[in-house]
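The structure appears below as structure tokens.
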């Protein structure tokens, strides 16, 4: 009941002077948090009813739209943490949310690998990476990894990551 009451607070329209982008994003995150808290305490029938509620559907669509805005700006981590992370928590059985959330995390990881850090530049990070290092890694996997590695899958994933970096 407390979670429903908290969710109800977000169903009232935002005040006119409180609609700038930062406040709108904060309100969306707070709304998604309240929906998630409500879903955590719901049984399956209540959760199904919650997910079909027009207000909840609208909030989840706003999260998808906001994630798309972040993605256009190259802010994949923000798209994940502020939007898809919540969508996945609210509806964990929705594979679309989890698959897209994973893609956002992959893109964020790749982007961070090419950014400078206080400890090293991206150029310094990749200096010394040579073909021999790759061969050594493959040999290590062949001799020490418990499961048999499907190198076709490994190569396909590597190509997908390269394509993600280009986008």
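Values in this text are rule-based calculations from the coordinates and carry no lab data. Computed from a predicted model, the values in this text were never measured in an experiment. Please note: Cβ atoms are built from the backbone with ideal geometry, for glycine as well, and neighbour counts cover all protein chains shown.
Let me see the pair-distance distribution of the stretch 73-120: every alpha carbon pair, 10 Å bin width, integer percents in order.
So the P(r) values, bin by bin, are 29, 44, 20, 7, 0.
Over the chain, with a Gaussian network built from C-alpha contacts below 10 Å, which listed residue (46, 127, 61) shows the highest mean-square fluctuation?
Comparing 46, 127, 61 in the GNM, the peak value goes to 127.
Cα axis of helix 151-166 to longest principal axis of the chain: angle in degrees, 0 to 90, nearest 10?
Compared with the principal axis, the helix lies near 60 degrees.
Given the peptides 96-108, 135-147, arrange them by the average over their residues of other C-beta atoms within 10 Å, most packed first. List each step's numbers first, then the result.
Working: 96-108: 17.7, 135-147: 9.3.
Those peptides, ordered most packed to least, come out 96-108, 135-147.
Which FRET efficiency value, to the nearest 0.05, is calculated for residue 24 and residue 102 with the Förster distance at 30 angstrom and r the Cβ-Cβ distance? Could the numbers behind the result be given before it?
Working: r = 26 Å, r/R0 = 0.88.
Plugging the Cβ-Cβ distance into 1/(1 + (r/R0)^6) gives 0.70.
At q = 0.08 Å⁻¹, what log₁₀ I(q)/I(0) does the chain have when each alpha carbon counts as one equal point scatterer in the Debye sum?
Here the Debye-derived log intensity ratios amount to -0.38.
Just grab the label-to-label distance for residue 111 and residue 65, each label 7 Å out from Cα along the Cβ direction, in nm (one decimal).
2.1 nm
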